[in-house]
Amino acid sequence: MIQVQNLTKRYGNQTVVDHISFEVREGEIFGMLGPNGAGKTTTMEMMEGLRDSDEGKIKIAGVDAKKQKKKLKQQIGMQLQSTSLFDYLTVRESIELYASFYPHSQTVEELLVAFDLVEKEKTWVKHLSGGQRQRLAIAIAVVHDPKVIFLDEPTTGLDPAARRSLWDIVLKLREEGRTIFLSTHYMEEAEILCDRIAIMDHGKILALDTPRELIRQLATTSRVEFPLIDRAYDEKFSTLAGVKKVVRLEKNLIQLHTDQLAETLQDLIPLANSYQFPLDGISTRTATLEDVFLEHTGKRLSQ
Amino acid sequence: MMKAYLQLVKAQLLLFARNKNSFIWSLLLPVFMMIALGTLLGGDNEQFALEVSIIDRDNSVSSKELVQALKKAPGVTTVDQSEKNALASLKKNELQMVIVVPRGFGTAMASKTEKAVVTVYQDQGNLSTSKIGTAIVAGTIDEINKKIVNFQPRIDIKEKGISTHQLKYMDFLVPGILALLIMSNNLNGVAAQIASWRERSILRRMQGTPLSSGTFIAGQMTARILINVVQAFVVILIAHFIFGVNVYGSWGTLLFFVLLGTLTFMSIGFIVASLAKTPESASPIAGLISFPMMFIGGIFFPVRQLPDFLQIVVQAIPIGHLTTALRGVMNNGATFATLQVPLWILLTWFIVSFTVAALTFRWDVK
């Protein structure tokens, strides 16, 4: 559905998007996961025809996104990172306004129902909650029934309940057969929503696969974390059973990567006892996308 | 794209009506200004002040009588000086009018066949004061005519005034307020609004649809023209019913200049919004442009009271010409024929600034 080749964008001598290539398949939710400033928004805006790229090719639904912008805009729908709606228009008026920009559009009633905005149709955008506002932004993105939808960090700043309800909406859009390209810096969101994920940092795609496969490719499956200021024992940890890697995280947090969680813990406790350091705040878990990100970039996604 | 155009006009009108700030600043403020200035400066019967020198070359009984009557005319302050000095100060804009009563005036008055004549010198470039001056002289002479002769007018004034009604400060002020309203609504209003829409990505979101910038700008212009015409009308109505201000000229001509002013200042507003480096700087820049224009645009006091070096600036910028045109139409019933200078200068400003606005318009932040 989408083919991107060697896409590059420079601002001055800084390369914000650095020769990235990928494909998005029809009907999938494709996620771009990365921290702020990774180049996600710039990439999306180039794909949406809002920003000119310096190099590379973009093809969306058979349309050359760089040359046939008018045609492209009929095919795609988008929600931008900032709200970008008029504060003093009502929900209904906002939908009607955007519907008028396209030759064909869905009816306002259909959209109000589909995005659970019926009760809010006469409310000014200014007075909507964050979740309602994002639902409206997405309703407007699909007002002309596009095949491809771009969602730029759709749940940033929302509370957990509003985030979940927005996830349901995104999943429903996929059920309708649309292709969805979304950016996020929430690992959980990427894991739940996305069929495939591209991990992006410093303008480059570091890894691209399904969430399950990305995690499976990690060298170890479990993590043990506990706070420890003293760095004297770090070498000893690497000799514990099953431990493949010892990582120092910020806030004096130490992280052990292991394939044999039980054995590692059995070795760790006597060690802590003999050297008199507390294991307060210890936690264990199986590896997640967060760890995939850490592995590829050397830093944590969420801070 | 008719559908999009109509929706954009509708949206802009709704946004304007619902935004309390824009409503207050653009409508209540001019009305408040008018009432405040009108009550403070306008007074009930206080007339527009004209400084006049009267040269009596005849020195007859009847000429002295005329001079006395003119001195007592409302709104006239006389300055006694020689003819040479008087004409010199008229050129320097220190005087608005020099009235010369020629030799033989008394004889002519006494004669049955000859008509007596007075000559009025004034700055033709300043339409409003010259019309007011002429009106006052004409009015005074008319009274004398009626006093000394039963039916036949005995004195004729060489330059006939178009308007014979008495003009008060409010008559002068209201067209100025209209011009101010048009300038601030459009220059400041458009610059601030477009910049804020750009900052909040509203424009970029629209850029992501097939909407063309032409349709967008056309919608903006239409909505703002409607808003300005209604506002101008409301201001004129209030001025009429509270201060007795009248529109002596054609409403069509007045409407034309309101439109021309709206389009000109709106284009300048678009340019400011496009050229401002950051969205936050657009409003201050627009303010920086419009604030001095408030004082040198002949809005609250006549342009002639400004120092010489500013006169060139005043002639070059659009605001003074808009005030002159509106004042001409409202106060003196001026037509396109007599408003050639403001008409062409405003048209030029509009065409140039519209072209620049169209060329520099962009949806997103640089």
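The values are calculated or read from the model by the stated rules, or taken from the named source; none is laboratory data. On a predicted model such as this, the values are computed, not experimentally measured, just so you know. Methodologically, a virtual Cβ is constructed for each residue, glycine included, from the backbone with ideal geometry; neighbour enumeration extends over all protein chains shown. Heavy atoms of the whole protein, side chains included, go into the accessibility calculation; ligands, DNA and RNA do not. Shrake-Rupley method; radii C 1.70, N 1.55, O 1.52, S 1.80 Å.
Would you confirm, using the coordinates I've provided, whether A:Arg231 is outside any helix (DSSP H, G or I) and either more than 30 Å from the chain's Cα centre (by Cα) or modelled with pLDDT of 85 or more (or both)? For A:Arg231, the condition - outside any helix (DSSP H, G or I) and either more than 30 Å from the chain's Cα centre (by Cα) or modelled with pLDDT of 85 or more (or both) - is met. Take B:Arg224 and decide whether it is open to solvent by 10 Å² or more (accessible area, probe 1.4 Å) and under 30 Å from A:Asp52 (Cβ atoms). No: the conditions fail for B:Arg224. Which residues, taken from the stretch A:211-230, are closer than 28 Å to A:Ile29 by Cβ and exposed (fewer than 13 other Cβ atoms within 10 Å of the Cβ)? Result: A:Arg212, A:Arg216, A:Gln217, A:Ala219.
A count restricted to the stretch B:67-102 and to residues that are at pLDDT 80 or above and assigned to a strand (DSSP E or B) stands at 6. Using the structure shown, decide if A:Lys172 is among the charged types (D, E, K, R) and either within 14 Å of chain B (Cβ to nearest Cβ) or crowded, with 16+ Cβ neighbours inside 10 Å (or both). When the stated conditions are applied, A:Lys172 does not pass them. Among the residues making up the stretch A:95-116, those that are of a type in the set (Gly, Ala, Ser) and surrounded by fewer than 22 Cβ atoms within 10 Å (Cβ to Cβ) are A:Ala99, A:Ser105, A:Ala114. Any residue that is closer than 25 Å to A:Gly177 by Cα, in contact with a Pro (Cβ under 9 Å, 6 or more places away or on another chain) and in the same structural domain as A:Thr8 (by TED's automatic domain parsing) - is there at least one of those in the stretch A:83-102? Checking the stretch A:83-102: at least one residue is closer than 25 Å to A:Gly177 by Cα, in contact with a Pro (Cβ under 9 Å, 6 or more places away or on another chain) and in the same structural domain as A:Thr8 (by TED's automatic domain parsing). Selection over the stretch B:199-215 of residues that are in contact (Cβ under 8 Å) with a residue 40 or more places away in the chain, open to solvent by 10 Å² or more (accessible area, probe 1.4 Å) and more than 8 Å from chain A (Cβ to nearest Cβ) gives a count of 4.
The condition of being assigned by TED's automatic domain parsing to the domain that holds A:Gly34, outside any helix (DSSP H, G or I) and of a type in the set (A, V, I, L, M) holds for only one of A:Ile199, A:Ile138, A:Ile169, that being A:Ile199.
Within the set A:Gln74, A:Gln81, the sole residue that is touching a strand residue (DSSP E or B) at 6+ places or on another chain (Cβ under 7 Å) and closer than 24 Å to A:Glu153 by Cα turns out to be A:Gln81. In the condition set (1) open to solvent by 20 Å² or more (accessible area, probe 1.4 Å); (2) assigned to a loop (DSSP other than H, G, I, E, B); (3) closer than 30 Å to A:Ile2 by Cα; (4) touching a His at 6+ places or on another chain (Cβ under 9 Å), A:Leu206 is compliant with all but (2).
Against the test of being modelled with pLDDT of 90 or more and not in a helix (DSSP H, G or I), the options B:Leu226, B:Leu211 yield a single qualifying residue, B:Leu211.
A:Glu191 meets all of the listed conditions (1) part of a helix (DSSP H, G or I); (2) within 10 Å of the chain's Cα centre (by Cα); (3) modelled with pLDDT of 90 or more but one, namely (3).
Of everything in the stretch A:129-163 that is among the acidic types (Asp, Glu) and over 22 Å from A:Met32 (Cβ atoms), the residue that is surrounded by the most Cβ atoms within 10 Å (Cβ to Cβ) is A:Asp145. Within the stretch B:262-275, is there a residue that is assigned to a loop (DSSP other than H, G, I, E, B), assigned by TED's automatic domain parsing to the domain that holds B:Ala191 and either open to solvent by 10 Å² or more (accessible area, probe 1.4 Å) or among the hydroxyl-bearing types (Ser, Thr, Tyr) (or both)? Looking for residues that are assigned to a loop (DSSP other than H, G, I, E, B), assigned by TED's automatic domain parsing to the domain that holds B:Ala191 and either open to solvent by 10 Å² or more (accessible area, probe 1.4 Å) or among the hydroxyl-bearing types (Ser, Thr, Tyr) (or both), one finds none in the stretch B:262-275, hence no. The residues of the stretch B:113-154 that are polar (S, T, N, Q) and either at pLDDT 75 or above or touching a helix residue (DSSP H, G or I) at 6+ places or on another chain (Cβ under 7 Å) (or both), listed by number, are B:Thr119, B:Gln122, B:Gln124, B:Asn126, B:Ser128, B:Thr129, B:Thr134, B:Thr140.
Looking only at residues in the stretch B:1-46 that are within 21 Å of B:Asn228 (Cβ to Cβ) and among the basic types (Lys, Arg), which one is modelled with the highest pLDDT? Per the stated criteria, the residue is B:Lys10.
Of the candidates A:Lys120, A:Lys126, the single residue that is open to solvent by 10 Å² or more (accessible area, probe 1.4 Å) and more than 13 Å from chain B (Cβ to nearest Cβ) is A:Lys120.
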